[in-house]
1. Report the accessible area of VAL14, computed with a 1.4 Å probe over the heavy atoms of all protein chains in place, in Å² rounded to the nearest 10.
2. Averaged per residue, what accessible area in Å² does region 38-127 show with a 1.4 Å probe, protein chains only?
3. Relative contact order of the chain, please, whole-number percent, based on alpha carbon pairs below 8 angstrom and at least 6 residues apart.
4. Where does each of GLU135, GLU11 land when they are ordered by accessible area, with a 1.4 Å probe and the largest first?
5. Taking all protein chains in place and a 1.4 Å probe, what share, in percent, of the accessible surface of the chain do carbon and sulfur account for?
6. At 222 nm, what helix-only mean residue ellipticity would the chain give, in deg cm²/dmol to the nearest 500, using -39500 (n - 2.57) for each DSSP H run of four or more?
7. Compute the helix-to-body angle for 128-167: its Cα long axis versus the longest principal axis of the chain, expressed 0 to 90° and rounded to tens.
8. Compute the helix-to-body angle for 66-77: its Cα long axis versus the longest principal axis of the chain, expressed 0 to 90° and rounded to tens.
Amino acid sequence: MIDLDAVTVAELEVVDPPRHDALDIVPRLHRLGVVHVAMLTGDHADVAEVIGDQLGIDVVYAEQTPEQKLEVVEAVRATPGLTPVVMVGDGINDAPALALADVGIAMGTGTDVAMHSAQITLVKGDLHGIAVAREISACTARRARGLGRWRRTCSRRSGGRRARALSRGV
């Protein structure tokens, strides 16, 4: 604030621009089927809203303490249709929420506490790693389901032969 004779004549707000890799990550996550992207930050509400709007984030929770971040993760986990909950963070303030989320993703450029609290660490700290992790997860799940179908089909097909062979003492 700039005061002149005890009267505020101007207010300045400094906002860091979004990271270069943040600009297209939210639309990419939505294309991958992520239905709800929220930002939990300790930043001032005005600043957080500007960044959230620039990035296309669905909901912005500003001025959050670590305890409040934890409460938000708990509330989202309890909301039908919004699970699994993935929390991405890089600081000590994010560590409790990273640990509670169904999947915690720490930025490798952040604190050791955050990295130890998360299940996944993006070594280079590139936000596109979140989408890559989602793609790998979906691919792995598809393959596991396919393997399960293959095993059931094979056991049904060979089950009769195996049973007959065992009954004959082969």
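1. 130
2. 52
3. Details: 217 pairs, mean separation 22.7, N = 170.
Contact order relative to length: 13 percent.
4. Values: GLU135 75, GLU11 140 Å².
Correct descending sequence by accessible area is GLU11, GLU135.
5. Values: 6230 of 11160 Å².
C and S fraction of accessible area: 56 percent.
6. Working: 6 runs with 82 residues, N = 170.
Taking each H run of at least 4 residues, the total per residue is -15500 deg cm²/dmol.
7. Taking Cα atoms only, the helix is inclined about 10 degrees.
8. 40
The values are calculated or read from the model by the stated rules, or taken from the named source; none is laboratory data. All of these numbers come straight from a predicted model, not from anything done at the bench. So basically every Cβ, Gly included, is an ideal-geometry build from the backbone, and we count neighbours across all protein chains shown. Accessible surface areas use protein heavy atoms only, side chains included; no ligands, DNA or RNA. Shrake-Rupley method; radii C 1.70, N 1.55, O 1.52, S 1.80 Å.
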